[in-house]
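Written below as structure tokens is the structure these notes are about.
The values are calculated or read from the model by the stated rules, or taken from the named source; none is laboratory data. Keep in mind that what you see is a predicted model, and the values were worked out from it rather than measured. FYI the Cβ positions are ideal-geometry reconstructions off the backbone, even for glycines, and counts take in every protein chain you see.
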Amino acid sequence: MKKYDLVVVGAGTLGTFHAYHALLSGKSVLLIEKDSEPIEATVRNFGQVVPSGQALDTWFEHGRKSLNIYKNFQSKHNISARQNGSYYFASDDQEMALLEEMRALFKIKDYASTLLPKKSCFERFPNLNTEYYKGGLFFPDEISVEPRTMVHQVREMLIKHFGLHFMNNTVVNGCDIKNGICEVSTAGNEIIYAEKVAICSGHEFKILYPEIFKKSNMKICKLNMMQTFPLPEIKLSGNILSGLSIRRYDSFKSCNSYPILQTPDWQKPYSKWGIHILFKQAINGSIIIGDSHEYADADENAKLSVGIDMEINELILKESKRILNLPNWKIQNYWAGYYAQAADGGVFEHSIQDKIFISTGIGGKGMTTGAGYSQQRIHDIFK
Ligand SMILES: Cc1cc2nc3c(=O)[nH]c(=O)nc-3n(C[C@H](O)[C@H](O)[C@H](O)COP(=O)(O)OP(=O)(O)OC[C@H]3O[C@@H](n4cnc5c(N)ncnc54)[C@H](O)[C@@H]3O)c2cc1C
């Protein structure tokens with residue numbers, strides 16, 4: 001009977017980095033994924049790794065740790081991480097004031113940033129519409145990853161160099177503790193034994209422990225995304241965040257002037273759909289544009305519309321065209337992504353007899369903070 005030190009359920013970014021940190025501490029690890037490869041939030045997102053946008057306590061620190069983890073990986077194995085920084089562009093005086101305050105707050109944390117006057121914004125980004133921005137704030141240490149490949153590259157590397165065992169196309173449909181040993185059962189009637197189990201099942205709330213998720217007040221969030229055809233003549237390096245992102249991201253809520261921020265009338269439909277505008281140029285030259293946020297309770301996912309809502313996409317494109325000049329706006333791809341969001345905006349954690357540990361609901365910050373958060377969680381699981 002083979003018994004693993006840790007079985008991880010779910011091979012998204014949380015599951016993969018849980019596996020990584022456990023392997024680093026010498027544990028034997030099996031990672032189980034229900035699909036042929038992970039196809040949920042972890043591969044549908046922007047791939048922006050932006051600690052500067054996170055709440056200035058724990059989540060910023062998890063993001064900062066994640067940056068180091070990604071960079072350390074990238075120095076040894078290609079995982080598609082590119083250090084080209086993050087840029088926030090303020091569209092009015094209130095947002096500009098927030099950028100200035102934010103720079104001061106990050107200075108205290110010894111986290112590098114540079115205020116960019118309008119002229120420097122233009123020199124770096126001639127394709128940004130000069131009428132849109134007042135100025136910008138640049139975080140040179142931040143990175144982006146390619147979501148369609150990163151988690152697969154990390155997993156392959158863990159299999160090859162760290163001895164990770166991986167089972168795909170395997171739905172875990174039960175997890176019990178018998179005589180102090182975890183028994184993980186699969187839809188294929190296999191039983192796998194483990195000392196401990198980490199459940200990182202994203203927004204899948206129905207297969208394992210539905211009663212716990214029902215009580216959790218967790219939400220499921222649907223996001224609309226789109227991607228242009230490759231535009232090699234455009235150079236849009238780094239993570240690009242707009243005025244609406246400044247208004248939305250948690251870090252800015254620590255600024256003194258945040259509570260007096262006014263919402264102009266034209267922004268009301270944007271607030272209704274939780275739209276803020278982000279851009280990232282993928283390695284193939286296409287530009288990824290998003291996003292919006294629609295929420296439903298964990299046990300009411302059918303309330304989220306089935307299709308891609310074009311009213312939302314039109315709003316996204318309208319504001320994107322105010323920010324950026326592109327030679328054409330032909331869209332190659334529209335898609336929706338879904339993530340689980342813990343009720344308190346942090347992460348949902350639950351443990352059963354100090355043996356089975358659920359970690360999900362990291363929300364819209366998993367690519368930024370998941371690697372660092374998983375390190376802390378694995379430390380707690382094996383302490
Ligand atoms: C459109 C979009 C844009 C985003 N942009 C960003 C961004 O730029 N930066 C950022 O920091 N974050 C971003 N996020 C958030 C980020 O993608 C998520 O926080 C993160 O991917 C969540 O990872 P996860 O491992 O918890 O979940 P998931 O990626 O959903 O992975 C969970 C995995 O568990 C598997 N699973 C579930 N149940 C079982 C079972 N019973 N048996 C076996 N396998 C199971 C699933 O198949 C899935 O592969 C974005 C999210 C979306 C949707």
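A few comments on the model shown:
- Entry remark, segment 206-236: residues being polar (S, T, N, Q) and on the phi > 0 side of the Ramachandran plot number 1 in total.
- Test result for GLY26, farther than 14 Å from GLY370 by Cβ, surrounded by fewer than 24 Cβ atoms within 10 Å (Cβ to Cβ), at pLDDT 95 or above and touching an Asp or Glu at 6+ places or on another chain (Cβ under 9 Å): yes
- Residues that are closer than 27 Å to ASN217 by Cα, loosely packed, with under 13 Cβ neighbours inside 10 Å and touching a helix residue (DSSP H, G or I) at 6+ places or on another chain (Cβ under 8 Å), drawn from segment 255-306: none
- Segment 19-44, residues that are more than 9 Å from the ligand (Cβ to nearest atom) and of a type outside the set (Gly, Ala, Ser): TYR20, HIS21, LEU23, LEU24, LYS27, VAL29, LEU30, LEU31
- Meets criteria (away from the ligand (no atom under 11 Å from the Cβ), surrounded by 18 or more Cβ atoms within 10 Å (Cβ to Cβ) and either outside the structural domain of VAL7 (by TED's automatic domain parsing) or not polar (S, T, N, Q) (or both)) for ILE181: no
- In a residue-by-residue description of segment 39-57, the property of being of a type in the set (Ser, Thr, Tyr), surrounded by fewer than 24 Cβ atoms within 10 Å (Cβ to Cβ) and farther than 17 Å from GLY238 by Cα applies to no position.
- Applying the condition of being of a type in the set (Phe, Trp, Tyr) and more than 11 Å from the ligand (Cβ to nearest atom) to segment 308-341 and asking which residue is nearest to LYS383 (Cα to Cα) yields TYR334.
- Here LYS196 meets the list (1) farther than 28 Å from ASP5 by Cβ; (2) crowded, with 20+ Cβ neighbours inside 10 Å almost entirely, failing just condition (1).
- Qualifying residue in segment 130-152 (condition: away from the ligand (no atom under 16 Å from the Cβ) and closer than 20 Å to TYR373 by Cβ): no
- Condition check for HIS152: at pLDDT 95 or above, surrounded by fewer than 17 Cβ atoms within 10 Å (Cβ to Cβ) and either closer than 16 Å to ILE32 by Cβ or not basic (Lys, Arg) (or both): no
- Wholly within segment 170-231, strands (runs of 3 or more DSSP E) carrying at least 1 residues that are closer than 21 Å to ARG44 by Cα and at pLDDT 95 or above: 191-199, 219-228
- TYR334 being surrounded by fewer than 19 Cβ atoms within 10 Å (Cβ to Cβ) and part of a strand (DSSP E or B): yes
- Qualifying residue in segment 310-326 (condition: surrounded by fewer than 15 Cβ atoms within 10 Å (Cβ to Cβ) and within 23 Å of GLY10 (Cα to Cα)): no
- The residue that is nearest to ASP57 (Cα to Cα), among those in segment 342-377 that are away from the ligand (no atom under 13 Å from the Cβ) and in a helix (DSSP H, G or I), is GLN376.
- Of all the criteria given as (1) outside the structural domain of ALA11 (by TED's automatic domain parsing); (2) more than 12 Å from the ligand (Cβ to nearest atom); (3) modelled with pLDDT of 95 or more, the one not satisfied by ASP299 is (3).
- Qualifying positions in segment 1-17 - near the ligand (Cβ under 9 Å from one of its atoms) and either outside the structural domain of MET367 (by TED's automatic domain parsing) or farther than 11 Å from GLY202 by Cβ (or both): THR16, PHE17
- Qualifying residue in segment 266-273 (condition: of a type outside the set (Asp, Glu) and in a loop (DSSP other than H, G, I, E, B)): yes
- Candidates SER120, SER86, SER144, SER75: the one that is out of contact with any strand residue (DSSP E or B) (no Cβ under 6 Å at 6 or more places or on another chain) and either under 21 Å from LYS235 (Cα atoms) or hydrophobic (A, V, I, L, M, F, W, C) (or both) is SER120.
- Matching residues in segment 193-228 - criterion: being closer than 15 Å to PHE279 by Cβ and away from the ligand (no atom under 15 Å from the Cβ): THR228
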